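Derivation of every value follows stated rules applied to the coordinates shown; laboratory data play no part. Just so you know, these numbers come straight off a predicted model, no measurement behind them. Here the Cβ is made from the backbone with ideal geometry for all residues, glycine too, and neighbour counts use every protein chain on show.
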Amino acid sequence: MPTTVDVMVEAFKTAGTPFIVGHPGGESVEMIEAARQRDMRFILMKQESAAAMLAATWGDITGSPGVCLSTRAPGAANMVNGVAHAWMDRSPLIAVTDQYPATTYETGLRQRLNQLELYRSITKWNATVSAGTVQQLMRRALRTAIALPPGPVQFDLPSDQTHREAAELSVPAPLLPAWPVLRPDRASVQPALDLLERARRPIILAGMGVLWEKDAAGQLLALAERLGGPVLTTPKAKGVIPEDHPLRAGALIGGLIERDVIGQSDLIVAVGLDSVELQPKPWPYAIPVLALSSVPSSDALVPAEPELVGPLGPLLAGLAAWAPAGTGWGETAVRAFRRRVSAALDIPSAGLSPQRLVAVAREVLPRDTLVTADAGAHRLLVVQKWQAYAPREFLTSNGLATMGYAIPGGLAARLAYPERPVVCFTGDGGFLMAIAELQTAARENLPIVVVVFDDQEVGLIRVKQELKGLPTYGVGLGGIDYEKLAQGLGADGTRVDSEAALGDALTSAIHSGRTTVIGAHIDASAYVAQFNALREL
């Protein structure tokens, strides 16, 4: 008869995740063995937080919940940041934490931590697994993780339950749900059609909710072309409209520069826009808003009237079929907006500028390259300058905006797409938070190319110090020998300081098939002017 861990691992594999990732404790060995017996990969990470970010990104890309695990207490505490990323970036994830048996937990003090309470505020649901309940818990966990909006589930796994025989369900429900897709009729969307009929200059603001349904991006493009209006996407939603499309305006970052093009519109169509993607400040537009989403908005941060809630693919398809053709104002407005953004970013530099770094990378890398972007000053340039041509080709931590994301996110992309190039853009600060996973990439044969924006400081904090009239203090880094560091961890490394050298290094790295670190020494002197032009700080 199957044990508790047999049931868990079988459920994970059936749900579409062929690996478990993490840093185990002694209580985890039975789960790892159950995975080995089922030809599931176990990927040993050096940081539990990175493991959770990798698993969460797998969930983003595939829709199947990623699975991560940690030992009790220190491991569980260290994994919190990665689970918080899954919570705020709406990623399906199952996090398993070792725990003492109940009798030990109630009497001991060493490594005794209430992990359920620790994780409760950053998970959709959490529970303690037992042999008697594991069959039902797995069904609930999978459904909870993938139900919209997606998110993390956490389990405590007491060591005395792992090898016990799992109780059978008397009448088992299906492990995975079969939720039929409901389609709207014309009458149910008539309020939206009335708004679109009156609008002369509609604009679409698309968020990550578009990514939660497989066909929604294609239907979004059909609606955009029907309306003929500009499309701005949040960073998470880059690629839901190909970024060389004439209606793609750019990235919605909550900054000053985008207010001009949005302000020209007479109707905002918010599609799959999640408030966690927006800057924490009041909605700035006194323009009617039509919202289309898979789940109701309970925060009321976006003043939508009406708000249509339902499966986005059919909803967008219906509107694209029934809405009147637009006036075609979008392409002209998009060209003007793109010129403004380019002028704001393309500030002359004494050396390799961060914006030219991204532009050169886009020029030399294949069209189907997958990119991850870390938090930091450089991300503003990556979001604006990198072009993605399909959904989930640009991956970042946006809701939590945590540093240290790019490398584990890149490993997830490599697992999902073993034949496609994967490039990780990171600042030197974020890079130092995740360098141990270079060894994971090399050992597990998951080659990625890591491009480090090396300005020898925590650039975003230096920018904020300068904007506030404060001296630069406490943000210095520097002194990294990228070649030796990478070689010590089984990877290749090089340092570049020109566009030509960068292009050559990227080309060589892609062709080598090896994990490669490119330390790109940049001139970050324009960051303040760029931030002032694009975003309110």
### Query
Of Gly75, Val210, Met40, whose Cα points farthest to the positive end of the dipole of the chain (charges on the beta-carbon: +1 Lys, Arg; -1 Asp, Glu; origin at the Cα centre)?
Val210
### Message
Run lengths n ≥ 4 of DSSP H only: what is the helix-derived mean residue ellipticity at 222 nm for the chain, with -39500 (n - 2.57) per run over all residues, to the nearest 500?
### Response
-11500 deg cm²/dmol
### Query
Roughly how big is the range 186-336's charge dipole about its Cα centre, with Cβ charges of +1 (Lys, Arg) and -1 (Asp, Glu), in debye to the nearest 20?
180 debye
### Task
Place +1 on the Cβ of every Lys and Arg and -1 on the Cβ of every Asp and Glu in the range 326-421, take the dipole about the Cα centre, and give the residue among Gly404, Pro348, Pro421 whose Cα lies farthest towards its positive end.
Pro348
### Query
What is the range 186-336 by shape, rounded, prolate or oblate, if you read a ≥ b ≥ c off the alpha carbon gyration tensor as root eigenvalues and call it rounded for a/c under 1.5, prolate for a/b larger than b/c, and oblate otherwise?
rounded
### Task
Report the antiparallel proportion of the DSSP beta bridges in the chain as a percent, rounded to a multiple of 5.
5 percent
### Residue (of Ile262, Pro296, Ala333) at the positive-pole extreme of the range 186-336, dipole from beta-carbon charges
Ala333
#### Entry: Simple Cβ-charge dipole of the range 4-158, Lys/Arg +1 and Asp/Glu -1, about Cα centre, in debye nearest 20
240 debye
### Task
Could you work out how far apart the two model spin labels at Asp244 and Leu44 are, taking each label as a point 7 Å from the Cα in the direction of the beta carbon, and quote it in nm?
4.4 nm
#### Entry: Candidate lysines - alpha carbon under 30 Å from Lys468, same-chain residues fewer than 8 apart omitted
Lys236, Lys281, Lys385
### Query
Which net charge results when you count Lys and Arg as +1 and Asp and Glu as -1 among the other residues whose beta-carbon is under 14 Å from that of Pro354?
-4
### Task
Search the structure for amide H atoms under 5 Å from the amide H of Gln99, placed 1.01 Å from N in the peptide plane, and list their residues when 5 or more places away or on another chain.
Leu157, Ser159
### Summary
Treating only Lys and Arg (+1) and Asp and Glu (-1) as charged, each at its beta carbon, one finds that the chain has a dipole about its Cα centre, in Debye to the nearest 20, of 600 debye
### Query
For Lys46, Lys468, Lys124, what's the fewest-to-most ordering of other Cβ within 10 Å of each Cβ?
Lys468, Lys46, Lys124
### Query
Going by how many other beta carbons lie within 10 Å of each one, how would you line up Phe19, Phe394, fewest first?
Phe19, Phe394
### Query
Counting Lys and Arg as +1 and Asp and Glu as -1, what is the net charge of the other residues whose Cβ lies under 13 Å from the Cβ of Asp428?
-3
### Query
Taking Lys46 as the anchor, which aspartates and glutamates have their alpha carbon closer than 14 Å to its alpha carbon, excluding any fewer than eight residues away along the same chain?
Glu437, Glu444
#### Entry: Distance between modelled label sites at Arg420 and Ala300, nm, 7 Å Cα→Cβ extension
4.1 nm
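Fully extended, how many nm does the chain gain between Glu168 and Gln37 (0.36 nm per residue separation, minus their Cα-Cα distance)? Before the final figure, lay out the partial values.
Numbers: separation 131, 0.36 × 131 = 47.16 nm, distance 2.11 nm.
The span from Glu168 to Gln37 would gain 45.1 nm if fully extended.
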### Message
Could you compute the net charge surrounding Arg112? Neighbours are other residues with a C-beta less than 10 Å from the C-beta of Arg112; K and R count +1, D and E count -1.
### Response
+1
